[in-house]
Structure formats: C-alpha cells, structure tokens
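Remarks on the structure that follows.
The values are calculated or read from the model by the stated rules, or taken from the named source; none is laboratory data. Computed from a prediction, not measured in an experiment: that's the story for all the values here. Glycine gets a Cβ as well: all are built from the backbone with ideal geometry, and neighbour counts include every protein chain shown. These area figures cover heavy atoms from the full protein model, side chains too; ligands, DNA and RNA do not enter into them. Shrake-Rupley method; radii C 1.70, N 1.55, O 1.52, S 1.80 Å.
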Amino acid sequence: MDSITGVLFMLVPMFVIFYFLLWRPEQIKRKKHQAMLENLTKADEVVTNGGLHGKIVGVDKDLAVISIAEVGDQSVKVEVSKSAIAFVKKGGELIEGE
C-alpha cells in the first residue's frame, strides 16, 4: 500500500506541473486566437498560415477575402478560411490574438 501512495505522491505534482506549464498556456493561446478571428473586420492587415500578407476586403462567417496585390486599378483577391489567418498586423508588427 505504501508503494501506491508513493507513486501517487509523485504523479499528482507531475500532472499539476504539466497543467500549468503546457496545457493551460495552450488553452489561453487558443482562446486569444479564436477571439482575434471573431473580431476580424474590413481593412485589417493579416498574415495567413501560408505566409500571404494582405488586407481584408470582406469577411463572412467562416471566410475572409484578402487583397494581396494591386495591379493597376485592379486588386488580386484571395478567399481564405478564417482559421488560416495566423496574425493581424498593427503598425507593422505581428499581433497574434489580443
């Protein structure tokens, strides 16, 4: 019986450490990113997971239309899933979910 309590005495602190060092920060990061995706608006500058930099010209429930280049008087627009947006650019700096 003493060996079981000894093992439990070691495992419980390990789970607490894993929770506070690994799982909890990941949950917080995921919630911030989800909030950023929900608050995307027209004219936000974004970077996708694939590395495309552009300005949002339209937002739908699950999609965003991004203008990535201007050619003459026309712009090149790409439709991406909102989940593919990694960062919002503010003042030239990348901001991941605030």
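For the subset of the range 32-41 comprising residues that are in contact (Cβ under 8 Å) with a residue 12 or more places away in the chain and over 11 Å from Ser83 (Cα atoms), which member is least open to solvent (accessible area, probe 1.4 Å)?
Here is the first cut: in the range 32-41, the ones in contact (Cβ under 8 Å) with a residue 12 or more places away in the chain are 32-37, 40-41.
Still in the list and also over 11 Å from Ser83 (Cα atoms): 32, 35, 40-41.
Details: Lys32: 100, Ala35: 35, Leu40: 13, Thr41: 71 Å².
Only one residue tops the list, namely Leu40.
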**Prompt:** Pick from the range 61-91 the residues that are within 14 Å of Gly51 (Cβ to Cβ) and either open to solvent by 90 Å² or more (accessible area, probe 1.4 Å) or in contact with a His (Cβ under 8 Å, 6 or more places away or on another chain) (or both): which of them is modelled with the highest pLDDT?
**Reply:** Ile68
